[in-house]
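Asker: Would you mind keeping the following structure in view while I ask a few things?
The values are calculated or read from the model by the stated rules, or taken from the named source; none is laboratory data. Keep in mind that what you see is a predicted model, and the values were worked out from it rather than measured. Positions of Cβ are backbone-derived with ideal geometry, glycine not excepted, and every protein chain shown enters the neighbour counts.
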Ligand code: AMP
Ligand code: MG
């Protein structure tokens, strides 16, 4: 058991801005070491090597339409058909002046031929074909290497492997590739007052809503999540044991509760004893006690217990961190400027992330608050599609003013800003 005496209290930690907290977190993290995986099983993963085409695609001159392979310089209007070339077979057919070979899409072009006239532009009778259009050299023919030339970069390192990339790997004969594995995150909720959803709370107890909410948040963004089966009580020995065990089987640990100032808030001192606490307080609302530590080379996020705080902090810290571990380069949700439909009160001491519903109208994006922003009120997140960013140093925001907002129901598909927080205010 680590010694908990002489440990820092929560308020002894430096209060960091959101940007500085994130900078410290990002500096401590790196993509997970690459592993070899079968190409059919890498959907959504990030490529950890450059894929150079080992061969030309196509590797032979091929017909790109069903029709007749001909010699374009041949000006005879009728040609005798000397055979049929189907896809998948290499025949020793040749085309000479006055002849044509019936050919199917994807079949190798017979020797001598340099154009394909589609069936639609021909008339065939008694073994002779009459062309209704002139044969241009190269018409309906795919030259060697037209799609990709041998030696060309087929997929750069860092590519996110989706259907097209996986198809290309198969086409080029890469049955295995090097990828960053999908991080596995363990979720551990703490608090003496918590019971599981199917238990009846005794006086003073409440049901744990954070484990299922955080599990959903992690799996919704494509990560492998494991929630510890029961809430852990506020007991240093039990917490330490669970923490060490959970960390051993995961790439990242997320805890909820126990990071504030209470006498039973034991997570920070435990993490400080087991590893290094790099973030102990952040000037944000919700989420002031957000804690980040590296323990045995693995990241641990100590999220505050209030249900909204824990989900918002997961969104703002744990999710981009999981993306970083995955090797993804785009970490942040799209951030857009929105017009406030109503006045918002704001404490200038902290950057606030208010839950809102953003809709488009002819003037752009308009944001409506989801009502009371209490950190315990999960309903402030129900149906919310945005986190409005009310920057530190600013007071109330009158109706009609413009603020930036993370669109939390949109994928990270747009180019990242240099820093997650845009500070534009009007
Ligand atoms: P804490 O961060 O442990 O001080 O908890 C702050 C508040 O969040 C307290 O009112 C807790 O009862 C509540 N809370 C903590 N953990 C959970 C949880 N897993 N589910 C629901 N509420 C929680
Ligand atoms: Mg607690």
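Asker: Take the residues in region 356-391 that are in contact with a helix residue (DSSP H, G or I) (Cβ under 8 Å, 6 or more places away or on another chain) and more than 20 Å from residue 304 (Cα to Cα), then tell me which one is surrounded by the most Cβ atoms within 10 Å (Cβ to Cβ).
Answerer: Taking region 356-391 as the starting set, the residues that turn out to be in contact with a helix residue (DSSP H, G or I) (Cβ under 8 Å, 6 or more places away or on another chain) are 370-378, 380-381, 387.
Imposing the further condition that a residue be more than 20 Å from residue 304 (Cα to Cα) reduces the set to 370-371.
Values: 370: 19, 371: 10.
Checked region 356-391; the qualifying residue surrounded by the most Cβ atoms within 10 Å (Cβ to Cβ) is 370.
Asker: Out of the residues in region 158-173 meeting the condition of being in contact with a strand residue (DSSP E or B) (Cβ under 8 Å, 6 or more places away or on another chain) and part of a loop (DSSP other than H, G, I, E, B), tell me which one is nearest to residue 299 (Cα to Cα).
Answerer: Only one residue fits best here, namely 158.
Asker: Which residues, taken from region 203-232, are touching a residue at least 24 places away in the same chain (Cβ under 8 Å), within 14 Å of ligand 1 (Cβ to nearest atom), in a loop (DSSP other than H, G, I, E, B) and in contact with a strand residue (DSSP E or B) (Cβ under 7 Å, 6 or more places away or on another chain)?
Answerer: If the condition is that a residue be touching a residue at least 24 places away in the same chain (Cβ under 8 Å), within 14 Å of ligand 1 (Cβ to nearest atom), in a loop (DSSP other than H, G, I, E, B) and in contact with a strand residue (DSSP E or B) (Cβ under 7 Å, 6 or more places away or on another chain), then 228, 231 are the ones that fit.
Asker: Can I ask one more? Just name the residue that is surrounded by the most Cβ atoms within 10 Å (Cβ to Cβ) out of those in region 185-200 that are away from ligand 2 (no atom under 13 Å from the Cβ) and part of a strand (DSSP E or B).
Answerer: By that ranking, first place goes to 185.
Asker: Considering only region 108-131, I want to know if a residue exists there that is touching a residue at least 24 places away in the same chain (Cβ under 8 Å) and within 16 Å of ligand 2 (Cβ to nearest atom).
Answerer: Looking for residues that are touching a residue at least 24 places away in the same chain (Cβ under 8 Å) and within 16 Å of ligand 2 (Cβ to nearest atom), one finds none in region 108-131, hence no.
Asker: Moving to a separate point now. Among the residues of region 130-157, what is the count of those that are closer than 30 Å to residue 101 by Cβ and either in a loop (DSSP other than H, G, I, E, B) or under 30 Å from the mean Cα position of the chain (by Cα) (or both)? It would help to see each step written out before you state the result.
Answerer: First, the residues of region 130-157 that are closer than 30 Å to residue 101 by Cβ: 130-150.
Keeping just the survivors that are either in a loop (DSSP other than H, G, I, E, B) or under 30 Å from the mean Cα position of the chain (by Cα) (or both) gives 132-140, 143-150.
Counting residues in region 130-157 that are closer than 30 Å to residue 101 by Cβ and either in a loop (DSSP other than H, G, I, E, B) or under 30 Å from the mean Cα position of the chain (by Cα) (or both) gives 17.
Asker: Return a yes/no flag: does region 174-184 have any residue that is out of contact with any strand residue (DSSP E or B) (no Cβ under 9 Å at 6 or more places or on another chain) and either more than 16 Å from ligand 2 (Cβ to nearest atom) or in the same structural domain as residue 44 (by TED's automatic domain parsing) (or both).
Answerer: Among the residues of region 174-184, not one is out of contact with any strand residue (DSSP E or B) (no Cβ under 9 Å at 6 or more places or on another chain) and either more than 16 Å from ligand 2 (Cβ to nearest atom) or in the same structural domain as residue 44 (by TED's automatic domain parsing) (or both), which makes the answer no.
Asker: Moving on to the next point. Go through the residues of region 60-83 one by one and say whether even a single one is part of a loop (DSSP other than H, G, I, E, B), touching a residue at least 24 places away in the same chain (Cβ under 8 Å) and closer than 30 Å to residue 278 by Cα.
Answerer: No - not one qualifying residue is present in region 60-83.
Asker: Pairs only if they're at least six apart or on different chains, beta carbon under 6 angstrom, first in region 16-35 and at pLDDT below 95, second surrounded by fewer than 16 Cβ atoms within 10 Å (Cβ to Cβ) and in a loop (DSSP other than H, G, I, E, B); list them, first residue then second.
Answerer: Partner pairs satisfying both residue conditions: 19/419.
Asker: Still on this structure, I have one more. Would you check if residue 369 is within 16 Å of ligand 2 (Cβ to nearest atom) and either under 28 Å from residue 289 (Cβ atoms) or not assigned by TED's automatic domain parsing to the domain that holds residue 26 (or both)?
Answerer: Working: within 16 Å of ligand 2 (Cβ to nearest atom): no; either under 28 Å from residue 289 (Cβ atoms) or not assigned by TED's automatic domain parsing to the domain that holds residue 26 (or both): yes.
No; evaluated as a whole, the condition is false for this residue.
Asker: Of the residues that sit in region 121-148 and are out of contact with any strand residue (DSSP E or B) (no Cβ under 8 Å at 6 or more places or on another chain) and closer than 25 Å to residue 60 by Cα, which one is modelled with the lowest pLDDT? Steps first, please.
Answerer: Step one: list which residues in region 121-148 are out of contact with any strand residue (DSSP E or B) (no Cβ under 8 Å at 6 or more places or on another chain), which gives 125-126, 134, 143-144.
So of that shortlist, the ones also closer than 25 Å to residue 60 by Cα come out as 134, 143-144.
Details: 134: 90, 143: 97, 144: 97.
This residue is 134.
Asker: Answer yes if at least one residue in region 329-337 is surrounded by 23 or more Cβ atoms within 10 Å (Cβ to Cβ) and touching a strand residue (DSSP E or B) at 6+ places or on another chain (Cβ under 9 Å), and no otherwise.
Answerer: yes
Asker: If you take the residues in region 225-265 that are buried (at least 21 other Cβ atoms within 10 Å of the Cβ) and closer than 16 Å to residue 9 by Cβ, which one is farthest from ligand 2 (Cβ to nearest atom)?
Answerer: Per the stated criteria, the residue is 259.
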